[in-house]
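Everything on this sheet refers to the single structure shown next.
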Amino acid sequence: MAGNGPRYQFDPAALERNLSGFDDAARRAMVEDLLEELRDRADAIAAAAGAGDREALALEAYALRSCAAICGARTLIDLAESLGGGKGGNRPGRPQELAKVAKARVAETVRALELWRSGEAERKPEEC
């Protein structure tokens, strides 16, 4: 994410690398799926943390980390590792605190991805 400025909550170059080789329609569909998956993971993490289900929390954190890796969202990767690895997880309330942070960070990343996606759509016609 270095050099991309505060506007991005992810690494556009990493996302581009991970989507390279696909046609535009597939790329758009994959980004749409990624956005939906990020939102779903944040909701599932909140539910697991609220229920005190450490196993489900670890699984959802791993899924969030996988999504974050696709778009190079380093903050989300670190947060998912904290959630799934149990760092500080034994302290009462810690998983719920991290789940709230995860929901906020996912929302920021989704907004940044949507902004990036709209910019990509504007640039594509110019390239033709």
Checklist entry - Using a basic spin-label model with each label point 7 Å from the Cα along Cα→Cβ, how many nm lie between Ala47 and Glu120? => result 2.8 nm
Checklist entry - What FRET efficiency, computed as 1/(1 + (r/R0)^6) with R0 = 25 Å and r the Cβ-Cβ distance, is obtained for Glu36 and Thr75, rounded to the nearest 0.05? => result 0.80
Next on the checklist: Below 15 angstrom from the Cβ of Ile70, what's the summed charge of the other residues (Lys, Arg +1; Asp, Glu -1)?
Outcome noted: +1
Checklist entry - With each label point set 7 Å from Cα along the Cα-Cβ vector, what nm distance links Val101 and Glu55? => result 2.6 nm
Checklist outcome for this item: Descending packing, highest mean Cβ count within 10 Å first, for 40-51, 57-68, 12-23 is 57-68, 40-51, 12-23
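Every read-out reported here was derived from the displayed coordinates using simple, explicitly stated rules and does not represent laboratory data. Since we're looking at a predicted model, the values are computed, not measured. All Cβ positions, glycine included, derive from the backbone under ideal geometry; neighbour counts span all protein chains shown.
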